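Read-outs throughout are calculated quantities, based only on the coordinates presented, and are distinct from any laboratory measurement. Predicted, not measured: the structure shown is a model, and the values here were computed from it. Glycine gets a Cβ as well: all are built from the backbone with ideal geometry, and neighbour counts include every protein chain shown.
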Amino acid sequence: MKHQTIAVLDFGSQYTQVIARRIRECSVYSKIYHYKASAKQLKKDNVVGIILSGGPESVLSKGSPRPDKKVFELGVPVLGICYGVQLLAHMLGGKVEKSHAREYGHGELKIKTKGSLFRGLPSVLRVWNSHGDRLGKLPKGFRAVASTENSGFAGIVDEKRRFYGIQFHPEVHHTEGGLNILENFLRKICGCRADWSMASLAEESIANIREKVGNDRVLLGLSGGVDSSVAAALIHKAVGRQLTCVFVDNGLLRLNERELVVDLYKRHFNMDVRVARAGSKFLKRLKGVSDPERKRKIIGNTFVEVFQDSLKRIGESRFLAQGTLYPDVIESVSIDGNPAATIKSHHNVGGLPKNMKFELLEPLRQLFKDEVRALGAELGLPKEVVWRQPFPGPGLGVRVLGSITRRKLDVLRKADAILHEEMMGSNLYYKVWQSFCVFLPVRTVGVMGDERTYENVIAVRVVESKDAMTADWVRVPYEVLQRVSNRIINEVSGVNRVVYDISSKPPGTIEWE
């Protein structure tokens, strides 16, 4: 039975994928489309409801993104969120105006008429706002059903055409009853069945990969992390020995990582795994480079070159597979014409050369990390793979701040190995999102053995998160931090100070670079 599909038209909001994810949490299949997706395509995909996402633009700005006008003629329910409701009103004959007071953060929503959208919710809700425009006049057929301090049209409906709009973000955890609002739209308004699951995703992904790849070969860069491992397992189930995994020893790995990864995948998965030893090439090209964006692009470009060189021994391959996740995409340079703002580029999505000889295969591009873990469990991957902490594609290259040398990498590897041992020994490793060390480009004075030292600083970073979109530092027990600090200073030559990072995301990112 073909799944009913809820289409999320993406206008560049940082929350677009969160909307799609919330829908999937309701056991309904959702798919993100570029905002220019045609009504014809949506109809072909069995779309039973459309959500217009938020976005950083103003509908009053020249050239701001617009959807195909015919999507409003499909006869399916439409829900506009933030920019989406302003777009809905603007395109259907209403009026949008600059707000006297920008609404950002928490606000109070007063529901006047509950109807289908607000059914089962209290009359007053704390909601999350993020907009500078507001509705000044409703299109014909619409009426206001909810308001905030700054807008009398924070919730609007046209029951006859089944068009709905809300000025706040129901998809974020900060909005009370937000998931209930989305469930009402899905169940009461769109009539969706709760028939989608992670097993469904695995089945559909495998079928899609088989259809796309056909009889061609796939080359995948296997890092041993969750993302590339799940991608490898998914593709392997789809095309078997047509997949060749290349593990690149780029000289930026953690302690003993190459040996552990190769042994695991050859032994557990019986995959075709080749090792490309290219550490010298990477380090030579990174010599003297301090800018993190340049590092990422150099590493991304060199990865592709190494893959291309590997083809001489492997044979021709049409596809290059990557474990790209959605947080990688939305933090990177504008992808596929998406108007989202840039935060930083990821080597998977922002550092590949334009003359690349492969077609990209990115089966996880629509997923968050916790969904990838669930998919990995569905595919039968072992715990040490599924619950391994995230590791950046550029490896220790973005954890050695400033220029990179073999000595700095060796110091960082030893410090990071100690942190890993202590987190595992304290039963904390699997309870946090990430725990890692960073080599800082500063030296400090210390005293060791009654003598003055002038050595390096290691920063320890431990964070908790659900999807890498936001993160908070973990209150690690003092005795654990003490052991970590003592061991690093005593066992790692060249370090005389350890500091603990207590920054959250935002304003900082999880990685330092």
For the chain, percent of DSSP beta bridges that are antiparallel (nearest 5) comes out at 50
Charge dipole of the chain about the Cα centre (unit charges at C-beta), most positive-ward option of Ile488, Val400, Leu201
Leu201
At 1.306 mPa s and 10 °C, Stokes diffusion of the range 22-165 via Kirkwood alpha-carbon radius, µm² per second
100
Helix 292-314 vs. the chain, principal-axis angle (Cα, 0 to 90°, nearest 10):
80
Distance cut-off 22 Å, percentage of C-alpha pairs in the range 206-294 lying past it:
36
Assign unit charges at the C-beta atoms only (+1 for Lys and Arg, -1 for Asp and Glu), then state the dipole size of the range 5-189 relative to its Cα centre in Debye, rounded to the nearest 20.
600
Sparsely packed GluC sites (Glu not before Pro) within the range 377-448, loop by DSSP, other Cβ within 10 Å at most 13:
none
In sequence order, what are the phi-derived ³J(HN,Hα) couplings for the range 454-463 according to the Karplus relation 6.51 cos²θ - 1.76 cosθ + 1.60 with θ = phi - 60°, rounded to whole Hz, with x for glycine and proline?
9, 10, 8, 10, 10, 9, 9, 10, 10, 10
Taking N as the number of residues in the range 399-500, what value does Rg over Cα atoms divided by 2.2 N^0.38 Å take?
1.10
On a C-alpha basis, how far is the centre of the range 447-513 from the centre of the range 387-410 in Å? Whole number, if you could?
15
Beyond 14 Å, how much of the Cα-Cα pair distribution for the range 462-508 remains, as a whole percent?
57
Among Ala459, Pro382, Leu428, whose Cα lies farthest out toward the positive end of the dipole of the chain, if unit charges sit on the beta carbon of Lys, Arg (+1) and Asp, Glu (-1)?
Pro382
Reach of Lys295 by Cα under 19 Å, taken over aspartates and glutamates that are not fewer than 8 positions away in the same chain
Asp249, Glu305, Asp328, Glu331, Asp410, Glu511, Glu513
For Lys312, give me every one of the lysines with a C-alpha distance below 20 angstrom, ignoring sequence neighbours fewer than eight places off in its own chain.
Lys281, Lys357
About the Cα centre, charge dipole magnitude for the chain (Lys/Arg +1, Asp/Glu -1 at Cβ), debye
1220
In Å³ per residue, the alpha-carbon convex hull of the range 19-75 encloses 92
Give me the distance between the Cα centres of the range 254-328 and the range 418-446, rounded to whole Å.
24
With respect to the cross-link table entries Lys36/Lys62; Lys40/Lys369; Lys62/Lys112, which display a Cα-Cα separation exceeding 27 Å?
Lys40/Lys369; Lys62/Lys112
Dipole of the chain [Lys/Arg +1, Asp/Glu -1 at C-beta], most positive-end residue of Ser151, Val499, Leu252
Ser151
Label-point separation in nm, Ser61 to Lys40, each point 7 Å along Cα→Cβ
3.1
Once both axes come from the Cα atoms, what is the angle between helix 406-425 and the longest principal axis of the chain, in degrees from 0 to 90, rounded to 10?
70
Which value results when the Cα radius of gyration for the chain is divided by 2.2 N^0.38 Å?
1.06
Whole-number percent relative contact order across the chain, with pairs defined as alpha carbons under 8 Å at least 6 apart
11
Residue span Arg126 to Glu305: 0.36 nm per residue of separation minus Cα-Cα distance leaves a gain in nm of 59.3 nm
For the range 165-170, what does the Karplus curve 6.51 cos²θ - 1.76 cosθ + 1.60, with θ = phi - 60°, yield as ³J(HN,Hα) per residue in whole Hz, taken in order and with x for Gly and Pro?
x, 9, 7, 10, 9, x
Can you tell me the Rg and the Dmax, both Å, for the Cα atoms in the range 99-220?
19.5, 60
